[in-house]
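K.L.:
So that we are looking at the same thing, I have put the structure below in structure tokens.
What follows is calculated from the coordinates using simple rules that are stated; it is not laboratory data. Predicted model, so just to flag it, every value in this text is computed and none were measured. Here the Cβ positions follow ideal geometry from the backbone for every residue, glycine too, while neighbour counts run over all protein chains shown.
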Amino acid sequence: MSLIVTDIDSDYQSLLDSKDFTAVNFPIEKAVKIYGNSYGRLRGKNKLKREIEKIIGFKDDHLNSCEAIENFLVFTYYLLKTNDKLAVFTAGLSYNSIDHYIKIMEIILPRLGNRTLYVVKNFTDINESQLTDLYIHISKIEKEIIFDFMKNWLIGFKPKYEYFRYPEYFGKMEFETEDYFEMLSFILSEPNRDYYFYFKNKYNSQYPKGMILIHNNSMYLGIGVNESYKEYYVDKLTEEYSKTPIICNTCFPY
């Protein structure tokens with residue numbers, strides 16, 4: 001067995017082109033999708049969870065978290081039982097969830113015989129746990145303010161993910177696209193459409209992370225800053241938006 005971990009900037013295209021590998025969660029048509037109806041229709045989930053806990057030797061609360069990590073653990077274990085080689089894209093998982101997923105799979109794989117699991121991280125060398133998130137909250141949706149924020153604060157950034165669906169993780173899919181701007185336009189076209197957009201720029205040493213959160217018909221515009229620049233950008237955001245930013249560490253701003 002083998003478990004190989006890489007990141008989104010690495011050359012993994014040959015795996016997707018190979019008939020030997022089953023692509024999972026990638027934004028391509030042939031990939032098996034983890035979120036939405038695929039996991040919802042999966043039969044015997046409780047039995048699969050019991051099998052996982054028997055293999056790993058402890059009760060794992062992530063298996064009943066109703067979060068993305070539950071889907072990943074259960075669904076990819078299910079696929080590994082019948083597929084020798086998987087290439088899994090971790091879009092939707094946090095840093096901590098990816099680490100937990102890899103830890104559990106390191107225990108499971110030897111019990112499944114000759115299996116190969118290729119885990120492609122959905123971001124590269126930005127350690128978000130070391131960043132402080134600063135958000136400006138605007139109490140109503142203002143398209144012009146969002147576009148100004150993108151122009152003034154997110155030049156050189158690219159979307160953290162390559163695939164977008166609405167709702168993001170759970171429920172019947174209403175819209176999907178590989179173009180984040182198309183998804184942003186869809187979200188802004190009607191009220192009551194919550195969505196989270198994340199951006200990255202690993203070459204920006206001061207703030208390598210950007211966020212646009214649409215929540216409860218309001219918006220949170222944010223950047224993830226390195227600690228040494230925190231006070232500078234608190235002042236800069238306060239000056240530009242005439243309000244003090246919300247300061248968060250690995251949590252949502254509401």
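K.L.:
Multiplying the sequence separation of GLU174 and VAL32 by 0.36 nm and subtracting their Cα-Cα distance, what value in nm do you get?
P.N.:
Gain on extension, GLU174 to VAL32, equals 49.3 nm.
K.L.:
Also, I was wondering about something else. Measure nothing fancy, just the Cα-based angle from helix 45-56's long axis to the longest principal axis of the chain, in degrees from 0 to 90, nearest 10.
P.N.:
80 degrees
K.L.:
In degrees between 0 and 90, to the nearest 10, how far off the longest principal axis of the chain does helix 230-241 point, with axes built from Cα atoms?
P.N.:
Relative to the chain, helix 230-241 is tipped by roughly 60 degrees.
K.L.:
Given Cα positions, please report Rg to Rh for segment 127-248, the hydrodynamic radius being the Kirkwood one.
P.N.:
The Rg/Rh ratio comes out at 0.96.
K.L.:
Further, regarding this structure: For helix 68-80, report the angle its Cα long axis makes with the longest principal axis of the Cα atoms of the chain; keep it between 0 and 90° and round to the nearest 10°.
P.N.:
That works out to roughly 30 degrees.
K.L.:
So which GluC sites (Glu not before Pro) in segment 1-93 end up in coil per DSSP with only 11 or fewer other C-beta atoms within 10 Å?
P.N.:
Passing both the DSSP loop test and the Cβ count: GLU29.
K.L.:
Averaged over every viewing direction, what's the projected area of the C-alpha convex hull for segment 1-51? Give it in nm², one decimal, please.
P.N.:
Reported value for the Cα convex hull: 5.2 nm².
K.L.:
Oh, and also: Test of understanding: what is the full-extension gain from LYS81 to THR244, defined as 0.36 nm times their sequence separation minus their Cα-Cα distance?
P.N.:
Answer, rounded to one decimal: 53.5 nm.
K.L.:
Strictly greater than 19 Å: what percent of every Cα pair in segment 2-121 meets that?
P.N.:
42 percent
K.L.:
Distances over 34 Å make up what percent of all Cα-Cα pairs in the chain?
P.N.:
For the chain, the fraction of Cα-Cα distances above 34 Å is 22 percent.
K.L.:
What residue among GLY224, GLY156, GLY57 shows peak mean-square fluctuation when the chain is described by a Gaussian network model with Cα springs under 10 Å?
P.N.:
Greatest mean-square fluctuation among the candidates belongs to GLY57.
K.L.:
Could you check the spin-label model distance between LEU42 and ILE102? Points 7 Å from the Cα along Cα→Cβ, value in nm.
P.N.:
Once both label points are built, they end up 2.1 nm from each other.
K.L.:
Can you give me the distance in nm between label points at ASN152 and GLU227, each placed 7 Å from the Cα along the Cα-to-Cβ direction?
P.N.:
Between ASN152 and GLU227, the simple spin-label model gives 2.9 nm.
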